[in-house]
Amino acid sequence: MLPMIGRVLLATLALLVAGCAAAPTPTPEPTPTEAPVLRLSVGECTGDIDFNIDPLAVTIAEISCDEPHYFEVYFTIGVAQAEYPGAQALGEIASRGCEDAFKEYVGVATKYSRYSSHFLAAGEQSWANPINRNVICLAGSADGGLTGSIAGDTALFPKLGQCTGPQDVPTLDLEILDCAGEHYWEVFAVKNVKDKTAPTAEARDALIDEVCVAGFKEFVGVATAESKYEYTIFFADADTWSKIKDHRLVCTVGSSKGGITGTLKGAKK
């Protein structure tokens, strides 16, 4: 399971009222204002959030999910406890509740998703305000650049037209890069396999020839044997077929040495 990390403390803010220098009257005592409220609802998206810091106060702006963003709220857990339960207890609540909700919202468990899961919870001072007594579950990517909702997005492998960094890493650690900048691989062909069980080795090899090998020549402009570039594939094996829902054969073209800029479409080399 991916770790659930992060907590944010929301501190009560104080309004300082300065006395008039020309008047002999004493300066009034600071007047506390109501604790700030963390207003985030399911389906709302946000910018970058540092889940490793413990600020006195933080402002998290909502961003339209149609615009590039980092995280999306997928669940909130109400905590019916007037006394502050403590950061550890809130973390345990998030670990249990957010994980189940993630699978229902996204469609797969966190360990089989390309999205990471995090949570936000109020600190002790803000817990006095009943509206803050909840745990907010968010999912997304620390790299940002997400568009649209993650609801029902079970894709684990990169998507058509995306470019990546080195692929000698676990799938969930694969870095998606801007194709205009330096990268290693580019997705040039994709085919969704609708079989309920994993294809046999022979059927898989035939599929690779049909989609990746033939698609390589059409995309790059030369056959694989005549090209300076290589191709790789992403495809679920028999052991993970029933555990993930991304049953696409994904073909990428590039080089393990990297240094590629722009698309290789029509490169003819």
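Values quoted throughout were computed directly from the atomic coordinates according to the rules given, and no laboratory measurement underlies them. Remember, it's a predicted structure, so these values are computed and weren't measured experimentally. No Cβ is skipped: glycine too gets one built from the backbone with ideal geometry, and neighbour counts run over all protein chains shown.
For the stretch 232-261, backbone nitrogen atoms closer than 11 Å to the point 7 Å from Glu202 Cα along Cα-to-C-beta are found at no residue. The label point for Glu230 and the one for Asp178, both projected 7 Å from the Cα toward the Cβ, are 2.8 nm apart.
When only Cα pairs below 8 angstrom with a gap of at least 6 residues are kept, the stretch 99-199 shows a relative contact order of 21 percent. Residues Glu226, Glu182, Glu72, ranked from the fewest to the most other C-beta atoms within 10 Å, line up as Glu226, Glu182, Glu72.
Sequence gap at least 6, Cα distance under 8 Å: using those rules, report the relative contact order of the stretch 163-261 to the nearest whole percent. Provide the component values of the computation, followed by the final result.
Numbers: 155 pairs, mean separation 37.7, N = 99.
Averaging sequence separation for qualifying contacts and normalising by length gives 38 percent for the stretch 163-261.
Once fully extended, how much extra length lies between Lys217 and Ala89, figured as 0.36 nm per residue of separation less the alpha-carbon to alpha-carbon distance? Spell out each step's value before the answer.
On the way: separation 128, 0.36 × 128 = 46.08 nm, distance 5.63 nm.
Using 0.36 nm per residue and subtracting the Cα-Cα distance, I get 40.4 nm.
In this structure, Lys194 and Ala80 have a Cβ-Cβ separation that, at R0 = 51 Å, corresponds to a calculated FRET efficiency of about 0.70.
Fewest neighbouring Cβ atoms within 10 Å first, the residues Leu160, Leu174 line up as Leu160, Leu174. Under 19 Å of direct C-alpha separation, and excluding same-chain neighbours fewer than eight residues apart, Lys194 reaches these aspartates and glutamates: Asp153, Glu202, Asp205, Asp209, Glu210, Asp237, Asp239, Asp246.
Legend: calculated FRET efficiency, Thr263 to Ser141, from the Cβ-Cβ distance at R0 = 35 Å, rounded to 0.05, equals 0.95.
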